[in-house]
1. Would you call Glu303 among the charged types (D, E, K, R) and surrounded by 13 or more Cβ atoms within 10 Å (Cβ to Cβ)?
2. Looking at region 385-393, is at least one residue among the charged types (D, E, K, R), within 25 Å of the chain's Cα centre (by Cα), at pLDDT below 95 and within 24 Å of Leu173 (Cα to Cα)?
3. Could you check, for region 126-134, whether at least one of its residues is without any contact (Cβ under 8 Å) to a residue 24 or more places away in the chain and within 27 Å of Lys202 (Cβ to Cβ)?
4. What about Asp328, is it touching a strand residue (DSSP E or B) at 6+ places or on another chain (Cβ under 6 Å), under 23 Å from Glu233 (Cβ atoms) and modelled with pLDDT under 95?
5. Quick check: is even one residue across region 291-301 under 16 Å from the mean Cα position of the chain (by Cα), in a helix (DSSP H, G or I), of a type outside the set (Asp, Glu) and at pLDDT below 95?
6. When residues of region 340-367 are filtered for being part of a strand (DSSP E or B) and either touching a Lys or Arg at 6+ places or on another chain (Cβ under 7 Å) or of a type in the set (A, V, I, L, M) (or both), how many remain?
7. When the residues of region 43-97 are narrowed to those that are out of contact with any Phe, Trp or Tyr (no Cβ under 7 Å at 6 or more places or on another chain) and β-branched (Val, Ile, Thr), which ends up farthest from Asn358 (Cα to Cα)?
8. Looking at region 13-108, what helices (runs of 4 or more DSSP H) fall wholly within it and have at least 1 residues that are surrounded by 12 or more Cβ atoms within 10 Å (Cβ to Cβ)?
Amino acid sequence: MRITLQLLKQHNQRMFRRHWYVQGKRTPIDLKSEEALMKKGLPIIEANTFINQKLGKLPETEAAASSQLPPDYHETKCAVYGDSSALLLGMPQAQVLLNTLKIEGYPEKIEEQIKNVKIPTSVEKAVYQSVMSACLFDAEQKKLGYKIKDPERPAFNFPRIYGITDERKNRLLFLKFIQNCEKIAPSSVLSNRRITQNTFFKYPFKSEEMQVQLEVHAEVLVTSKKPLLGFNETNRLEGLEMPNIFPASPTVSIVPTNTYTLENIYPIKDTTQFIHPHTIFLHFSPLEVKHLPDIPVTDNQFESRALMKAFAVASSKAQAHLGTSTKDLPQPIVVQTVQCDTKRVQFGIFQLNTLDLNGSSRKNFWYCSNIMNLYEECAYKLGRPVLEGYNRDVLRHMSVFYNNS
């Protein structure tokens, strides 16, 4: 008889039901285990005697209240500014908090050097390849924090994206830029520079009777044997005034905590010759730097973050070598900053003149440029790596900053 689909389906379901019917009435098989245990003199006890046994309740005990507090706990709160912090009011808040005047543009000395700097074609090509290598060709593959959202399907969960993290991209970009700047720098400059990665700074101070402490990292720190000279441009200070942020407090959006340790940390020891800070390279990622309400960071807040970190580096160095009682510095401390988020780059120069941040007649200075794009787009298109809109001015600024002394 020919087996048709209908007949096969009929027999298949019938035998399937028959199999469940037979297997559902299986009888236990006597394995002779009881006889073997009896011969060895082992007693056999019915399991239900233990299952049906009534157990008494354990006495309830109150948990002892822990009176031990962390060793660094204080009753007075301290506003701690860290790497993931962002000032709510941006630059105006940072200026009031750090007693700093903002001066648009660079000092005249730096402006002239940027106009006259010449970059060889071979170095330009090397930097171009370095950008593609850091942003596209690196072998790191980690789960990224970015998520794809479709407005038409808000409830649909896309697969997580894997790739090169922002921290990895920035670190590679910083090191590659420094390496290419060293190619065109004179030997006198190369012998006067040292590079340190992932340095940590702490500096405590008071602002309007509120204790504040800066706890920040610099991804790459360039130090030198001689300090950078200060800028005396009194003609550019005319008409500059401190911003008014009333009724907001200078420490608004800085989270206060009771657990902290007030100390000054400058990581470069006195035993080395390269003790003076020269340039700090700062990593920025929107996944790490956020507000309390979790809103995007603006360009103004992006710039204020560089100012806060530059102040932490300069002030910790001043207090470490001049003591805690020093207010007005005999010689200003200058720190150059480069902040990048893998695409946007901003250069700045901070000059520390005083540590007296509450109503001092002397002011600190902050020179900065506009935010520049390192490139317009760096991604794979149709399976091919593409770098569009590469900005050569970034390398020119970087070279001048590295050679400045």
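1. Values: among the charged types (D, E, K, R): yes; surrounded by 13 or more Cβ atoms within 10 Å (Cβ to Cβ): yes.
It is true that Glu303 is among the charged types (D, E, K, R) and surrounded by 13 or more Cβ atoms within 10 Å (Cβ to Cβ).
2. Start the filter on region 385-393 by keeping residues that are among the charged types (D, E, K, R), which leaves 388, 392-393.
With within 25 Å of the chain's Cα centre (by Cα) added as a condition, the list becomes none.
Within region 385-393 (the criterion being among the charged types (D, E, K, R), within 25 Å of the chain's Cα centre (by Cα), at pLDDT below 95 and within 24 Å of Leu173 (Cα to Cα)), the answer is no, since none of the residues qualifies.
3. Of the residues in region 126-134, the ones without any contact (Cβ under 8 Å) to a residue 24 or more places away in the chain are 129.
Okay, now just the ones that are also within 27 Å of Lys202 (Cβ to Cβ), so none.
No.
4. Details: touching a strand residue (DSSP E or B) at 6+ places or on another chain (Cβ under 6 Å): yes; under 23 Å from Glu233 (Cβ atoms): yes; modelled with pLDDT under 95: yes.
So Asp328 passes the test.
5. Yes - at least one qualifying residue is present in region 291-301.
6. So the first thing to find is which residues in region 340-367 are part of a strand (DSSP E or B), and the list is 340, 344-354, 364-367.
Narrowing further to those that are either touching a Lys or Arg at 6+ places or on another chain (Cβ under 7 Å) or of a type in the set (A, V, I, L, M) (or both): 345, 349, 352-354, 366.
Within region 340-367, residues that are part of a strand (DSSP E or B) and either touching a Lys or Arg at 6+ places or on another chain (Cβ under 7 Å) or of a type in the set (A, V, I, L, M) (or both) number 6.
7. Of everything passing the filter in region 43-97, Ile44 is farthest from Asn358 (Cα to Cα).
8. Values: elements: 33-39, 48-51, 91-98.
Fully inside region 13-108 and qualifying: 33-39, 91-98.
The values are calculated or read from the model by the stated rules, or taken from the named source; none is laboratory data. Quantities reported herein were computed from a predicted structural model and do not represent experimental measurements. Please note: Cβ atoms are built from the backbone with ideal geometry, for glycine as well, and neighbour counts cover all protein chains shown.
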